[in-house]
Amino acid sequence: MLAAIAARLVLAVPTLLLVTVVVFSLQLLLPGDPALALAGEERDPEAIAAIRAQYHLDRPIPVQYLIWLGGLLRGDLGTSLKTGLPVGELIASKLPVTIELALLAMAIALAIGIPAGVLAAVKKGGPLDAAANFVALAGISIPNFWLGIMLILLVSVHWGLLPASGYTSPFEDPLRNLQTMIMPAFVLGTGIAAVMMRHTRSAMLTVLRQDYVRTARAAGLPERRVIGRHALKNALLPVVTLGTLEFGTLLSGAVLTEQVFTIPGFGKLVVDAVFTRDYPVVQGVVLCAGLGFVLMSLLADILYVVLNPRLRT
Amino acid sequence: MASLITAAEPEPSATPRLLRRLARNRLALLGGLVVLAFVTVAVLAPVLAPYDPVKSNWLAVRKPPSADFWLGTDDLGRDILSRLIWGARASLLAGVVSVAIAVLAGVPLGVLAACAGGWVDGLASRLTDALLACPFLILAIALAAFLGPSLTNAMIAIGVSATPIFIRLARGQTMAVLAEDHVLGARAVGCPQRRIVLVYVLPNIAAPILVQATLAIAAAIIAEASLSFLGLGQQPPAPSWGSMLNTAKNFMSQAPWMAVSPGLAIGLVVLAFNLLGDGLRDALDPREG
């Protein structure tokens, strides 16, 4: 098992390095002189020369990359062009909000997706299965930012039940925090719930065809126990690993959800950075998202090895 | 030798069988019809739209749906139905063009990686992993940010972000085809690599690529709407479903109708592409009979 985990760790290193290449290459897309683009409104030749020196733009591109990579390895993600704050610090201050949103969304996705998937598999071919499949497909097709707008319209504007926007830290006021986060988390969670439902249904259908399930039924075990204890336990293995890989979808969805509900998280940071042309912040966010995804993929691989008894030896 | 060459000829096309299976799938057919309807609306936009989609009308600001304006008007008095009809052009164009970029870039790279093997394959695979590691929309936002906000750049950004999926798919499918007996036979009789790719590989990987492309168009339409919603896609006053929603969110209590139809249109067309893609996938699955 340790060898399998070590092999996956080794494979993650070149992927991570190439993620840094991709993120660094983004700045090569800037039209014209990158120093001028980074300077924004500033047209003072001295200031532009300072930017050129700060970002080593007078050096060959491979050297620029190595200098940038060296900074990354020391934990330096660069400096925000607008606030002058270290990018790492900015991201670290916004990340907990997005993590909270993502965790709540994932909890909602699991609570809806897994039971719906089990039900659809057990009632395969019936109206319940068809309905669950259609709802899942609709969940994947409806843009979550529109769902957010519609919920604000209904729940906040018409019924006045929950706040339409804003954020309160859970350490300040846990109840207010839940009130502000539940609707965005639901919006973000529904798309993932649809994917989870499809994974669970597919995994359950495979497991329900296995000999041990037939044996359990033949031995006279109650159906609820066959499904809950024997089938679901094994079907959840691929669901757990595939669910981990939904991290990217969660982050992409969070960008839009945070924008709709004005939540000051990671996603809002990148959108604001785009409009203020704060390129180091944009690069930092993409890098962190890529790094997070590689780590989650690694976690998925390790979980698969740990949870699967056949791979443990 | 002659018999060997005959044996190495590719199998006849399975297209009629595929179409028959697809025709039996009602949901896929429905999806195809809805897609066709949206394409027709997009093509006939100048004829179908009752009003100019960009012209402001200060006498009709934020009017609710009525006989004159079926879906109401927006904050500048523009007819929402007309903007919705013209917006179909931007959405469908973005979906098709960005997926075409991804297919044209990804498929040759994937085929090349599988045929070359060795370090070329290793590098292509790791690069694909790295691109896939960056969440689709975040990478598209970053690309659009560095390229500048416009519909063209949004299409390029979405296309580049979708490319690794096609590299991976084309690579895997090509490897499977290269291991088949008739291709090994062709190689054994000295068939050149280029001919193997053109005659054996590309026709055999076309079907799964088509399925993936159909599903990718659905994802690309949502991505374009998302970028336009964030202000990084189609720029005002040109109509796009995403930018219509962006405006609508500022007038939710005064003009809720502004938000309803663009979202429904996105959901419907994406659902249709997903149904069509799922139907195509099932029709190509040998286990489906």
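Just so you know, all these numbers are worked out from the coordinates, no wet-lab data involved. Nothing here was measured: the structure is a model prediction, and the numbers come from that model. Quick reminder, even Gly has a Cβ in these numbers, built from the backbone with ideal geometry, and neighbours come from all protein chains shown.
Under Stokes-Einstein, with the Kirkwood radius over Cα pairs standing in for Rh, what whole-number D in µm²/s applies to segment A:91-312 at 10 °C and 1.306 mPa s?
Values: Rh = 19.0 Å.
D, rounded to a whole number, is 83 µm²/s.
Mind giving me the FRET efficiency for A:Gln54 and A:Leu9? R0 is 51 Å, r the Cβ-Cβ distance, nearest 0.05 is fine.
Working: r = 35 Å, r/R0 = 0.68.
It comes out at approximately 0.90.
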Ratio to report: Rg/Rh of the protein assembly as shown, with Cα atoms as the point set and Rh obtained by the Kirkwood method; give two decimals.
0.98
Expected integer from the mean partner chain Cβ neighbour count at 10 Å over B:123-130 is 6
Alpha-carbon Debye profile of chain B, log10 I(q)/I(0) at 0.10, 0.16 Å⁻¹
-0.63, -1.20
Between B:Arg24 and B:Ala176, what FRET efficiency follows from the Cβ-Cβ distance if R0 is 25 Å, with the result rounded to 0.05?
0.40
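Over all distinct alpha-carbon pairs, what is the Kirkwood Rh of segment B:41-151 in angstrom? Let's see the in-between values first.
Numbers: mean 1/r = 0.0569 Å⁻¹.
For segment B:41-151, the Kirkwood estimate is 17.6 Å.
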Under a plain spin-label model, where a point goes 7 Å from the Cα along Cα-to-Cβ, how far apart in nm are A:Lys82 and A:Leu66?
3.5 nm
What's the FRET efficiency of A:Leu128 with A:Leu175 using the Cβ-Cβ distance as r and R₀ = 30 Å, to the nearest 0.05?
0.25
In a shell of Cβ-Cβ distance under 13 Å around B:Arg89, excluding B:Arg89 itself, what net charge do Lys and Arg (+1) and Asp and Glu (-1) give?
0
Could you tell me the number of lysine pairs in the protein assembly as shown with C-alpha atoms less than 26 Å from each other, where the two lysines are 8 or more residues apart or belong to different chains?
10
